[in-house]
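Trainee: The structure that follows is given in the form of structure tokens.
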Amino acid sequence: MEIGIDSFASAMYGDHNMLSSVDVMEQLLQRIELADQAGLDVFGIGEHHKKEFLDSATAVILSAAAARTKRIRLSSAVSVLSAADPVRVYQSFATLDLISKGRAEIVVGRGSSIEAYPLFGFNLNDYDELFKEKLDLLLQIRDNEFVTWSGKFRPSINNLPVYPRALQEKLPVWLGVGGTPESFIRAGSLGLPLMVAVIGGQTHRFRPLVDLYREAGKAAGYQPEELKVGLHSPGFAANTTEKAIEEYYPGYAELWTKLGLERGWPPVTKAKFDGLIDDLGVLVVGGPERIADKILRHSESLGGISRFTFQMDNAGLTHTQLMTAIELIGAKVIPLIQKG
């Protein structure tokens with residue numbers, strides 16, 4: 001199983017009021033560099049267009065990270081494909097693939113944050129139709145140097161080449177999904193690896209949706225080993241579970257209570273938090289042994305996963321705390337997971 005970290009390039013962690021955007025970006029690149037040195041497998045950068053985050057130009061951040069790393073895979077998490085031009089998305093990540101010598105990946109999705117749609121002139125009423133059409137074009141570009149294509153939302157392409165080409169023969173494209181059955185079926189039907197974002201509740205409840213993915217993939221003629229499943233969840237590692245909870249809970253409660261005001265969720269309570277960090281809850285927070293056990297338990301409950309990524313930098317944690325967590329994941333969590 002691959003283990004990694006996803007970041008939204010948050011400007012809202014630790015002493016964020018004292019940090020400039022330059023400082024935030026430099027510290028993010030330091031964390032990616034450390035993740036590479038610590039033996040983590042992948043680092044993903046999200047895409048938002050809000051003041052709190054600095055990840056609107058995902059491929060630019062990953063290209064800077066490519067120059068400072070040697071082996072870690074570099075991915076989006078996710079690219080909001082519905083509000084982007086698939087030609088430019090492919091070109092950006094193909095360029096990243098060349099800079100990184102074959103370490104680029106793309107996780108595409110419709111986006112749970114919707115600010116990109118009005119910003120780039122798209123209608124939210126076309127939310128799913130936009131994504132379906134643009135995913136089709138992206139995959140055609142990925143698989144063919146010369147492209148002929150027509151659709152509703154973008155001008156047609158008539159036997160035109162798209163350059164540069166990625167170093168990898170088939171640039172990995174994952175489909176990032178939330179809880180919509182149609183998205184799981186779509187990923188399976190296309191034979192795309194699946195990245196499941198579980199940010200609340202209990203992870204095992206997603207098993208029926210993952211089963212839909214595997215059934216759709218089998219029906220489309222794909223082999224089980226082609227149908228990879230990844231899991232993305234909030235989490236944090238410290239030397240002990242008690243210390244992890246002490247450091248993680250205050251910022252987590254503040255952030256998710258704020259998000260709740262925007263999205264109609266109830267405020268976070270300690271009792272609710274305790275439920276989320278228990279054996280079945282989604283939050284992967286604790287000491288190395290507890291974290292490793294929980295990731296393995298989640299994998300078993302979903303019928304086996306190929307990748308797990310932590311989302312750590314949106315809970316008021318300092319750069320030092322995040323660096324320590326990365327070191328612990330590399331030195332202790334990954335070996336425990338490898339032992340099974």
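Trainee: Please name all residue pairs, on different chains or six or more residues apart, with Cβ atoms under 7 Å, provided the first residue is in the range 194-214 and is touching a residue at least 12 places away in the same chain (Cβ under 8 Å) and closer than 10 Å to GLY303 by Cβ and the second residue is open to solvent by 40 Å² or more (accessible area, probe 1.4 Å) and in a loop (DSSP other than H, G, I, E, B).
Mentor: ARG207/GLY303; VAL210/GLY303
Trainee: I need a count of the residues in the range 127-145 that are of a type in the set (Lys, Arg) and free of Cβ contacts under 8 Å to residues at least 12 places away in the same chain.
Mentor: The total comes to 0.
Trainee: Are any of the residues in the range 305-312 of a type outside the set (S, T, N, Q), farther than 29 Å from ALA11 by Cβ, touching a Leu at 6+ places or on another chain (Cβ under 8 Å) and open to solvent by 10 Å² or more (accessible area, probe 1.4 Å)?
Mentor: Yes, the range 305-312 contains a residue that is of a type outside the set (S, T, N, Q), farther than 29 Å from ALA11 by Cβ, touching a Leu at 6+ places or on another chain (Cβ under 8 Å) and open to solvent by 10 Å² or more (accessible area, probe 1.4 Å).
Trainee: Something else now. Anything in the range 216-242 that is hydroxyl-bearing (Ser, Thr, Tyr) and surrounded by 22 or more Cβ atoms within 10 Å (Cβ to Cβ)? List them, or say none.
Mentor: Passing the criteria: only SER233.
So that you can scan it fast, the table gives a plain yes or no per residue for (1) surrounded by fewer than 24 Cβ atoms within 10 Å (Cβ to Cβ); (2) touching a His at 6+ places or on another chain (Cβ under 9 Å); (3) part of a helix (DSSP H, G or I); (4) at pLDDT below 95:
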residue	(1), (2), (3), (4)
PHE273	yes, no, yes, yes
ASP279	yes, no, no, yes
ILE291	no, no, yes, no
HIS298	yes, yes, yes, no
ASN314	yes, no, no, yes
LEU317	yes, no, no, yes
MET323	yes, no, yes, no
LYS332	yes, no, yes, no
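Trainee: Out of all the residues in the range 98-119, is one or more among the hydroxyl-bearing types (Ser, Thr, Tyr) and open to solvent by 40 Å² or more (accessible area, probe 1.4 Å)?
Mentor: Yes: the range 98-119 contains one or more residues that are among the hydroxyl-bearing types (Ser, Thr, Tyr) and open to solvent by 40 Å² or more (accessible area, probe 1.4 Å).
Trainee: Across the range 131-159, which residue is surrounded by the most Cβ atoms within 10 Å (Cβ to Cβ) among those that are among the hydroxyl-bearing types (Ser, Thr, Tyr) and part of a loop (DSSP other than H, G, I, E, B)?
Mentor: It comes out as SER150.
Trainee: Within the range 194-204, is even one residue under 25 Å from LYS134 (Cβ atoms) and in a helix (DSSP H, G or I)?
Mentor: No.
Trainee: Name every residue in the range 183-224 that is of a type in the set (Asp, Glu) and farther than 29 Å from GLY275 by Cβ, in order of residue number.
Mentor: GLU215
Trainee: Restricting attention to the range 190-215, and to residues there that are over 30 Å from ALA253 (Cα atoms) and out of contact with any strand residue (DSSP E or B) (no Cβ under 6 Å at 6 or more places or on another chain), which single residue is most open to solvent (accessible area, probe 1.4 Å)?
Mentor: So the residue we want is GLU215.
Trainee: Report yes if PHE43 is in a helix (DSSP H, G or I) and under 22 Å from GLY176 (Cβ atoms), otherwise no.
Mentor: Criteria not met by PHE43.
The values are calculated or read from the model by the stated rules, or taken from the named source; none is laboratory data. Because the structure is predicted, anything quoted here is derived from the model rather than measured. Cβ: placed from backbone, ideal geometry, glycine included. Neighbour counts: every protein chain shown. Areas reflect the complete protein model, heavy atoms only, side chains present, ligands, DNA and RNA absent. Shrake-Rupley method; radii C 1.70, N 1.55, O 1.52, S 1.80 Å.
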